[in-house]
Amino acid sequence: MSETGGGGESRPGGTDEQRVPDGRNSQSDLNLIGSRLRKVDGFAKASGKARYADDIALPGMLHARIVRSPHPHARIVSIDSSRAEALDGVRGVVTGRDMPHTYGVIPWTPDEHPLCVDRVRYIGDGVAAVAAVDEDTAIEAAGLIEVEYEELPAYLDPRKALEATGGEDSPYIHEPRKAGWNGNITKKVHLDFGEVHALMEASDVVVEGAYFFEGTTHAPIEPHCAIGLWEPDGREAGGLSSGGGLTFPLEPGMGGQPGKHEGGVPSSHGRLTVWSSTQVPHYLHRELARVLELDPARVRVIQPPVGGAFGGKSEPFDLEFCVAALAMKTGRPVKILYTREEVFYAHRGRHPFHMRYRTGATKDGKLQSVDAQVLLDGGAYASFGLVTTYYSGQLLTAPYTMPAYRFDSVRAYTNKPACGPKRGHGSVQPRFAFEVQLDKLAEKLEMDPVGLRRSNAMGGNTRTVNELRVTSNGFVECLEAVERASGWKERWRRLPFGRGLGVAGSCYISGTNYPVYPNDMPQSAVQIQIDRSGRVAVFSGASEIGQGTDSMVAYVAAEELGVPLDYVRVFAGDTDFTPVDLGAYSSRVTFMLGNACIDAARTLKRKVQDAVAGEWGCKPREVLLAGGWALFAPDTARKLPIREAFQLAEAMFGTLGATGWYNTPKDIHGSYRGGTIGSSPAYSFTAHVAEVDVDVETGFVEVKRIWIAHDCGRALNPVLVEGQMEGSAYMGFAEALMEEQIFKSAEQGREGLHNAPSLLDYRIPTSLDTPELESLIVESLDPEGPYGAKEAGEGPLHPSIPAIANAIHDAVGIRMDALPFSPPRVWRRINEARAEGKLKKPTAPGRPIEEEVHESVS
Amino acid sequence: MGATNRIVDLNVNGDRRIAGVPTHYTLLETLRYVLGLTGSKQGCDKGDCGACTVLVDGVATLSCIMPVWEAEGAEVVTVEGLARESGPHPVQDEFDLNGAAQCGFCTPGILCSAVGLLERNPAPSREEIKEALSGNLCRCTGYTKIYNAVEAAAERIRTGSADGAGRR
Ligand code: FES
Ligand code: FES
């Protein structure tokens, strides 16, 4: 369990200055919330003390390696590990047959095995794992495991995958779930709202375009790492079990047979602990228990600080099952640390999208009808793909009023690493296409694209065309903030040729109303215990992955209980100690965990107020808790150190602890099949303006600056909100200009081989590449968010990409409809435009620019 | 297995450390897996990411591609050695104050690059900071808060102003 405290001797700054308020001022009742605060783990991270998964070493720990497929698609004929097992220092081998259950983070599409059983589906798919006394031996042993394959035709292009027939020469990547289905389709969604056809026909202008969004990956700087520890049950070791010793069914044919349990209790006794750099300890816990046939009460998942995730660690991976199985088999702790190359194979990154959009509007720029077709290139497994397919359409219906909308999305399997959720899951790609469509529409109508967006803004307290409930909405304020900050009115269309500004907007969920597996239990929970020392211990189920979750609960607890921040200890990321939270994904944590923490803290606060009121003979609500004191509201000169207030409460009520939880409202989704997907308790809104410089000789685009305005409801700590906004805009910029997860074709020699599985060749931006990023926080105070807060971690990524595309158009008049806007691609478009005489500054609406600039350079 | 070992005699954070290591070990492997100094991180193990940056005789160095014996006779400073007796190094404190460490995995390396920069250039421009940190990838922050932290620390060191105590 990782513990992060707001204080401790190593912490600089000592106790936070105890701001004693003169009664809480009415304009804001908040003492800490909204201030620029340190993170509770900030100093641990700035001193090398934070212990990530690979920093953990257990006595007797073995190291393991996974053997991976060299073929994009093949049958496994045989696996011979005898030479590896004979190698000095090798302690155990597992293969797919040892773990025959399938798993999948979405319960309806369990299509993966921890290690492949009879088929590999991409170059890098795991087939066996070997544990040895050290890493060098494990690597050597992995090379001695002989796997015989029978190669199958591979599909790298989703359009080709859809043409497969399932015959001998055209096999499906997965067996169809129902006879007659195409086994290369994960999911198809067709949803239709309003009079799409009629309104399109009646539109004064219709813009049509084809777009391509290339796949990208998360590339967290920390590679995935997991450690497994198996502790056989003492009782069992005493001889109660049939075979004695470890009973994990690792022999082929014995394992994973459902029904071998009696009375619903799995037969394997003992305790499994897995440390993992995961962002979903709860889902990992569930899947470990299910796949390894263990009683969930005997499984513990510990999530140490995670070195970046971005959606790339939000489901179980082969290494977690392998360390568990190898620990059970060898009786020793086992660690696997992915190589950087393996991180690229694990992937679950942004799906490549092939998109077509038609957008119709009236002549004064009112959106009428939107019609979309999307083909998602899913890679080898489903991952979150069912949800991605819905998100590809469902999340587009705000922030603009859209009278009619239809989308048709298909996710195809291909023989590449599986795609999944990357920051802005499933909605970054359509947002790119849609916001470029809007720019084209504005141009056709000779309108200012900021004005066009403003005039279509849907406002708050409304429902979208697909029935999503939208409450707080600061979109127009966001647009106006970036319009002002960028000098839009004076500079758009007026910068010299080669320089341009572009705008885009977006909307994103703050968590999903429905959990990944259907259940009615809370989505997030917190337990708080306080004692006579004044110390507040918060047990949080949520996953700190760098976004500041542990700090957020500490701020909330300190705010509610009136203690200095460094009196709060946060214990998180350990399924044995903390209540369940579903994980760090879909921008759910601040909203849900924040509310859960308020719930728990207020239960305790009431007890403290009651006890102090009893002492003072006043009303409980006249007792304020703030800044390390209990204060008498009518006269704050009367006060008691918070520690003494806690002592009064402990004397009155006994030991002080409380749980708090949050669950989503369940009555706010669409009344159609699929209408629950995309529904969220609150939506965040964002607008960006990007400024670019385009070199027409080289096709090189330099993004000078991005102005980011984001409606996060309320910034609980503006430093962290800005950090999320900047990190998001950076990541969007990176996808716009630099990143592509691509694979070699058959003509290039190794069909399906990752083109560049390293941080040198898969280019992520350095400090020299990254533009200046300017954060502008907008607060709409959401009625249901904690203190009004909504998400900030994913929404602010979306507009970066279309804003840059639109800025390139403003700079030199070309449209970039395919990502990334890399020099070769841009240069080709420039040359096409030059040949057509269209390489010039676009005309400003209503005020033609005389200088009709063209190439200023020779 | 099969690896031959050698004895290395190192000076790390002012401590003399003598250790037996496999001959092929890098400085990073020695720090992390032999000396227990896990502050320096491994993000790629091949010189691409900068997470393993340490100071070798004051120069920011990628410890994942430095054979450990090359560090013999040099003064090695890792993130664990940056703090001063009086408290954290101003760069560390400013990272904390400015939210410059999100996941924190790039942070130890970036801190070493930044300290190396400030030691040779106490008043770097933003461009010089970008240049000095260009070998350290950060995937979380977009770098903005990192620049702010380095600038604030430079200012604090130059003016000898009090540390960040009392500031939240
Ligand atoms: S670990 Fe990536 S450069 Fe050293
Ligand atoms: S803070 Fe996460 S990589 Fe820099």
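The values are calculated or read from the model by the stated rules, or taken from the named source; none is laboratory data. Fair warning: this is a prediction, and the values are worked out from it, not measured in the lab. All Cβ positions, glycine included, derive from the backbone under ideal geometry; neighbour counts span all protein chains shown.
Going through (1) β-branched (Val, Ile, Thr); (2) without any contact (Cβ under 8 Å) to a residue 40 or more places away in the chain; (3) within 16 Å of ligand 2 (Cβ to nearest atom) one by one, B:Ile65 falls short only on (3). Of all the residues in the stretch B:104-133, those that are away from ligand 2 (no atom under 14 Å from the Cβ), farther than 19 Å from A:Arg705 by Cβ and part of a loop (DSSP other than H, G, I, E, B) number 4. Residue check: A:Gly143 meets all listed conditions (1) over 30 Å from A:Gly732 (Cα atoms); (2) loosely packed, with under 15 Cβ neighbours inside 10 Å; (3) away from chain B (no Cβ under 14 Å) but one, namely (3).
When the stretch A:800-833 is limited to residues that are among the small types (Gly, Ala, Ser) and crowded, with 24+ Cβ neighbours inside 10 Å, the one that is farthest from the chain's Cα centre (by Cα) turns out to be A:Ala811.
Only a single item in (1) within 9 Å of chain A (Cβ to nearest Cβ); (2) in contact with a Phe, Trp or Tyr (Cβ under 8 Å, 6 or more places away or on another chain); (3) not aliphatic (A, V, I, L, M) is not met by B:Thr78, and it is number (2). Among the numbered conditions (1) within 12 Å of ligand 2 (Cβ to nearest atom); (2) modelled with pLDDT under 95, the only one that B:Ala165 does not meet is (1).
For the stretch B:53-67, the candidate set comprises residues that are of a type in the set (A, V, I, L, M, F, W, C) and touching a strand residue (DSSP E or B) at 6+ places or on another chain (Cβ under 7 Å); within that set, the residue that is nearest to ligand 1 (Cβ to nearest atom) is B:Cys64. On the stretch given as the stretch B:68-96, residues that are within 15 Å of B:Tyr25 (Cβ to Cβ) and surrounded by fewer than 15 Cβ atoms within 10 Å (Cβ to Cβ) total 2.
The single condition among (1) more than 7 Å from chain A (Cβ to nearest Cβ); (2) within 16 Å of ligand 1 (Cβ to nearest atom) that B:Ile146 does not satisfy is (2). The residues of the stretch A:39-76 that are away from every other protein chain (no Cβ under 14 Å), assigned to a loop (DSSP other than H, G, I, E, B) and either closer than 21 Å to A:Phe317 by Cβ or of a type in the set (D, E, K, R) (or both), listed by number, are A:Ser69, A:Pro70, A:His71, A:Pro72, A:His73.
Rundown of residues vs (1) out of contact with any helix residue (DSSP H, G or I) (no Cβ under 9 Å at 6 or more places or on another chain); (2) within 30 Å of A:Ala412 (Cβ to Cβ), yes/no style:
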{"position": "A:Ile336", "(1), (2)": "no, no"}
{"position": "A:Met355", "(1), (2)": "no, yes"}
{"position": "A:Gln368", "(1), (2)": "no, no"}
{"position": "A:Gln373", "(1), (2)": "yes, yes"}
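Here the strands (runs of 3 or more DSSP E) wholly within the stretch A:461-552 that include at least 1 residues being of a type in the set (A, V, I, L, M) and not assigned by TED's automatic domain parsing to the domain that holds A:Ile598 are A:499-509. Restricting to the stretch A:375-399, name every residue that is of a type in the set (Ser, Thr, Tyr), outside any loop (DSSP other than H, G, I, E, B) and either crowded, with 24+ Cβ neighbours inside 10 Å or free of Cβ contacts under 8 Å to residues at least 12 places away in the same chain (or both). Once the filter is applied, which keeps residues that are of a type in the set (Ser, Thr, Tyr), outside any loop (DSSP other than H, G, I, E, B) and either crowded, with 24+ Cβ neighbours inside 10 Å or free of Cβ contacts under 8 Å to residues at least 12 places away in the same chain (or both), the stretch A:375-399 yields A:Thr388, A:Thr389, A:Tyr391, A:Ser392.
Of the candidates B:Gly87, B:Gly36, B:Gly50, B:Gly43, the single residue that is within 26 Å of A:Ala53 (Cβ to Cβ), within 11 Å of chain A (Cβ to nearest Cβ) and away from ligand 1 (no atom under 13 Å from the Cβ) is B:Gly36. Scanning the stretch B:90-113 for residues that are within 16 Å of ligand 1 (Cβ to nearest atom) and among the small types (Gly, Ala, Ser) yields B:Gly104, B:Gly109, B:Ser113.
Exactly one residue out of A:Leu797, A:Leu760, A:Leu781 is more than 21 Å from the chain's Cα centre (by Cα), modelled with pLDDT of 95 or more and within 13 Å of chain B (Cβ to nearest Cβ): that is A:Leu760. In summary, B:Ala114 fulfils each of the numbered conditions (1) within 18 Å of B:Lys41 (Cβ to Cβ); (2) at the interface with chain A (Cβ under 7 Å from one of its Cβ atoms); (3) surrounded by 20 or more Cβ atoms within 10 Å (Cβ to Cβ) with the single exception of condition (2). If you go through the stretch A:174-227 and pick out every residue that is outside any helix (DSSP H, G or I), farther than 30 Å from A:Gly308 by Cβ and either touching a residue at least 60 places away in the same chain (Cβ under 8 Å) or of a type outside the set (Gly, Ala, Ser) (or both), you end up with 26. Among the residues of the stretch B:2-17, is there at least one that is assigned to a loop (DSSP other than H, G, I, E, B), without any contact (Cβ under 8 Å) to a residue 24 or more places away in the chain, more than 9 Å from every other protein chain (Cβ to nearest Cβ) and away from ligand 2 (no atom under 16 Å from the Cβ)? Within the stretch B:2-17 (the criterion being assigned to a loop (DSSP other than H, G, I, E, B), without any contact (Cβ under 8 Å) to a residue 24 or more places away in the chain, more than 9 Å from every other protein chain (Cβ to nearest Cβ) and away from ligand 2 (no atom under 16 Å from the Cβ)), the answer is yes, since at least one residue qualifies. The set of residues in the stretch A:409-460 that are part of a loop (DSSP other than H, G, I, E, B), among the charged types (D, E, K, R) and more than 18 Å from the chain's Cα centre (by Cα) comprises A:Lys416, A:Glu446, A:Asp448.
Taking the stretch A:33-92 as the range and being of a type in the set (Val, Ile, Thr) and over 30 Å from A:Leu625 (Cβ atoms) as the test, the residues that pass are A:Ile56, A:Ile66, A:Val67, A:Ile76, A:Val77, A:Ile79, A:Val90.
Just one of the listed residues (A:Ala637, A:Ala596) is free of Cβ contacts under 8 Å to residues at least 12 places away in the same chain and assigned by TED's automatic domain parsing to the domain that holds A:Ile545, and it is A:Ala637. Of the residues making up the stretch A:676-705, those that are touching an Asp or Glu at 6+ places or on another chain (Cβ under 6 Å) and either among the small types (Gly, Ala, Ser) or in a strand (DSSP E or B) (or both) are A:Ala682, A:Ser684, A:Phe685, A:Asp693, A:Glu702, A:Lys704, A:Arg705. When the residues of the stretch B:55-74 are filtered to those that are on the phi < 0 side of the Ramachandran plot and under 13 Å from the mean Cα position of the chain (by Cα), the one that is nearest to the other protein chains (Cβ to nearest Cβ) is B:Cys64.
Residues in the stretch A:735-764 that are among the small types (Gly, Ala, Ser), touching a Pro at 6+ places or on another chain (Cβ under 7 Å) and part of a loop (DSSP other than H, G, I, E, B): A:Gly752 alone. Taking every residue in the stretch A:819-838 that is free of Cβ contacts under 8 Å to residues at least 60 places away in the same chain and pairing it with any residue that is part of a helix (DSSP H, G or I), at least 6 positions away or on another chain, the pairs with Cβ-Cβ distances below 8 Å are A:Ala833/A:Val812.
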